[in-house]
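The values are calculated or read from the model by the stated rules, or taken from the named source; none is laboratory data. It should be emphasised that the depicted structure is a prediction, and the values quoted were computed from it without experimental measurement. All Cβ positions, glycine included, derive from the backbone under ideal geometry; neighbour counts span all protein chains shown.
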Ligand code: CA
């Protein structure tokens, strides 16, 4: 999978230079030249890593960092800045940045840091299931949609995890009952409908598109509405 990097930098020449180098390394790159554009792009394109200039027209890099973290976004962020005293570093890391690179930096150092952080992403991602804008972390049991955190009960989580483990695959009501509730489940099999309804309410709380589709007479499937 190609890693997607967002570069938020208002110095056009520097932005272009970084973009070319990253593309040469095989990354998919998006560039934003001001704070608002950067924040919008970070939210919409959900990059794997952001190279974020500190001083930007409009919203500062620090502010972007804080806003992304406040909504639970865990994207890797490397701050780029000409400021290099200790208190500034602390401010940057306190705002939620993962790393800090002082200008002027060598492109080799930048690329090395990018590789290191993307590697960490990969190590963490084995715990992650993702389908469209829906993410589920098996270890922390956190679920989010477009970075909006979603609180699930234990059973809702198990049901969603089962669906996300088998994207686009129709799962019968019997399969779901066995896998999520267990072979010996003796209760009302309408329990599946009830839990699917709970899940949909939570996953679609902000009028998002339906991801859990009903296959009439059979069961359910995780797929985007056609
Ligand atoms: Ca700048």
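Observations on the model:
- Comparison of 50, 64 shows that the only residue that is in a helix (DSSP H, G or I), surrounded by 16 or more Cβ atoms within 10 Å (Cβ to Cβ) and more than 12 Å from the ligand (Cβ to nearest atom) is 64.
- Residue within the range 3-23 that is away from the ligand (no atom under 16 Å from the Cβ), at pLDDT below 95 and assigned to a loop (DSSP other than H, G, I, E, B) present: yes
- For first residues located in the range 47-59 and outside the structural domain of residue 114 (by TED's automatic domain parsing), partners that are assigned to a loop (DSSP other than H, G, I, E, B) and lie 6+ apart or on another chain with Cβ distances below 6 Å do not occur.
- Residue within the range 178-188 that is under 28 Å from the mean Cα position of the chain (by Cα) and surrounded by 12 or more Cβ atoms within 10 Å (Cβ to Cβ) present: yes
- If you go through the range 24-47 and keep only what is more than 16 Å from residue 73 (Cβ to Cβ) and either within 14 Å of the ligand (Cβ to nearest atom) or not in a strand (DSSP E or B) (or both), you end up with 24, 25, 26, 27, 31, 33, 34, 36, 37.
Residue-by-condition table, conditions (1) away from the ligand (no atom under 16 Å from the Cβ); (2) surrounded by 13 or more Cβ atoms within 10 Å (Cβ to Cβ); (3) within 22 Å of the chain's Cα centre (by Cα):
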{"site": "58", "(1), (2), (3)": "no, yes, no"}
{"site": "75", "(1), (2), (3)": "yes, yes, yes"}
{"site": "80", "(1), (2), (3)": "no, yes, yes"}
{"site": "98", "(1), (2), (3)": "yes, yes, yes"}
{"site": "116", "(1), (2), (3)": "yes, yes, yes"}
{"site": "142", "(1), (2), (3)": "yes, yes, yes"}
{"site": "147", "(1), (2), (3)": "yes, yes, yes"}
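- Taking the range 67-81 as the range and being free of Cβ contacts under 8 Å to residues at least 40 places away in the same chain, out of contact with any strand residue (DSSP E or B) (no Cβ under 7 Å at 6 or more places or on another chain) and not in a helix (DSSP H, G or I) as the test, only 74 passes.
- Flag for residue 18 being under 27 Å from residue 132 (Cα atoms) and in contact with a strand residue (DSSP E or B) (Cβ under 7 Å, 6 or more places away or on another chain): no
- Residue match in the range 57-65 (condition: more than 28 Å from residue 142 (Cβ to Cβ) and in contact with a strand residue (DSSP E or B) (Cβ under 6 Å, 6 or more places away or on another chain)): no
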